[in-house]
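First comes the structure, then the notes that go with it.
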Amino acid sequence: MTQPWQDGIVRRVADEVRRLRGENSVQWLSDRTAELGYRISRSTISDMEVGRRTRLEVAELIVLAKALGVPPILLLYPGIPGNPVEVLPGVAMDSLAAAQWFGGESKHSWWDAWAHPRVGAEKEEIEEWSSGALPLILARDEVEVLREIYKTERRESRHAQTLIDDPTNDAARELLKMTQQRLSTLESDLRSVRRRQVEAGLQPVTLPSRFQTSADDQEVDDAKA
């Protein structure tokens, strides 16, 4: 059962490679991979496209995707959002759901139902997934907080400018106060998620200096202790 599933992955990628290169030749694609520093030979690509080659290396997937101008996930799971793919032997789901699972974005109830059909198993499966995907979850939490900080800072700037233009504008003054309070909460959230990263043994990314304070340093030191 495993071999047909494995062959199906390569077939799926090969079909998408052929579709994406369009009127461009196999030699063109081989030359594009060479420009990226990892040539995949013309014969290798041809053999894969016609089904003579039934294996695919991770390095090849990455370089082919870059050469064709798409994320690797779209070679692995083409047809997003609704095209069904066999994500594990005998387990099919929509390409979007497969890509979200592969990228650590979400856990799906129909996956849980297949994996553990007994009562209460969905909770166990989700907890297992959440533990395994923790680095991605915490990284995305940080990105979301930073995105909210930048959006809130833009609102703060607009409210401050309105108040400069009209110092008697009580509505702008109140909005500015609320925005500043929101910023304070978001900055606390940012410190919290970075502390959780350290507690999980992860290395947080380096942020702009304006986010780095002595309080942050102390929290990180406390988390490491």
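The values are calculated or read from the model by the stated rules, or taken from the named source; none is laboratory data. None of the values given here were measured: they were computed from a predicted structure. In this analysis, Cβ positions are derived from the backbone assuming ideal geometry, glycine residues included, and neighbour counts consider all displayed protein chains. These accessible areas exclude ligands, DNA and RNA; they are computed on the full protein's heavy atoms, side chains included. Shrake-Rupley method; radii C 1.70, N 1.55, O 1.52, S 1.80 Å.
Does any residue of the stretch 75-87 turn out to be modelled with pLDDT of 75 or more, closer than 30 Å to Leu56 by Cβ and out of contact with any strand residue (DSSP E or B) (no Cβ under 9 Å at 6 or more places or on another chain)?
The answer is yes; a qualifying residue exists.
Filtering the stretch 176-213 down to residues that are open to solvent by less than 70 Å² (accessible area, probe 1.4 Å) and either aromatic (Phe, Trp, Tyr) or touching a Ser or Thr at 6+ places or on another chain (Cβ under 7 Å) (or both), which residue is farthest from Ser131 (Cα to Cα)?
Step by step, filter the stretch 176-213, then rank; the result is Thr179.
What are the residue pairs meeting all of these: first residue in the stretch 1-22, first residue farther than 15 Å from Ser95 by Cβ and assigned to a helix (DSSP H, G or I), second residue open to solvent by 30 Å² or more (accessible area, probe 1.4 Å) and among the β-branched types (Val, Ile, Thr), Cβ atoms under 6 Å, and 6 or more apart or on different chains?
Here the result reads Asp7/Thr54; Val10/Thr54, each pair linking the stretch 1-22 to a residue that is open to solvent by 30 Å² or more (accessible area, probe 1.4 Å) and among the β-branched types (Val, Ile, Thr).
Show me the helices (runs of 4 or more DSSP H) entirely contained within the stretch 37-109 in which 1 or more residues are over 28 Å from Val26 (Cβ atoms) and open to solvent by less than 20 Å² (accessible area, probe 1.4 Å).
It comes to 95-102.
Can you say whether Val143 is open to solvent by 50 Å² or more (accessible area, probe 1.4 Å) and either at pLDDT 90 or above or not aliphatic (A, V, I, L, M) (or both), as far as the supplied structure shows?
Yes; evaluated as a whole, the condition is true for this residue.
Of the residues that sit in the stretch 37-70 and are of a type in the set (D, E, K, R) and touching a residue at least 24 places away in the same chain (Cβ under 8 Å), which one is nearest to Arg12 (Cα to Cα)?
Filtering the stretch 37-70 down to residues of a type in the set (D, E, K, R) leaves 39, 42, 47, 49, 52-53, 55, 57, 60, 66.
Applying the additional criterion that residues be touching a residue at least 24 places away in the same chain (Cβ under 8 Å) yields 49, 53, 55, 66.
Details: Glu49: 10, Arg53: 12, Arg55: 12, Lys66: 17 Å.
Only one residue fits best here, namely Glu49.
Would the stretch 115-130 turn up any residue that is at pLDDT below 85 and under 15 Å from Arg196 (Cα atoms)?
The answer is yes, given that some residue of the stretch 115-130 is at pLDDT below 85 and under 15 Å from Arg196 (Cα atoms).
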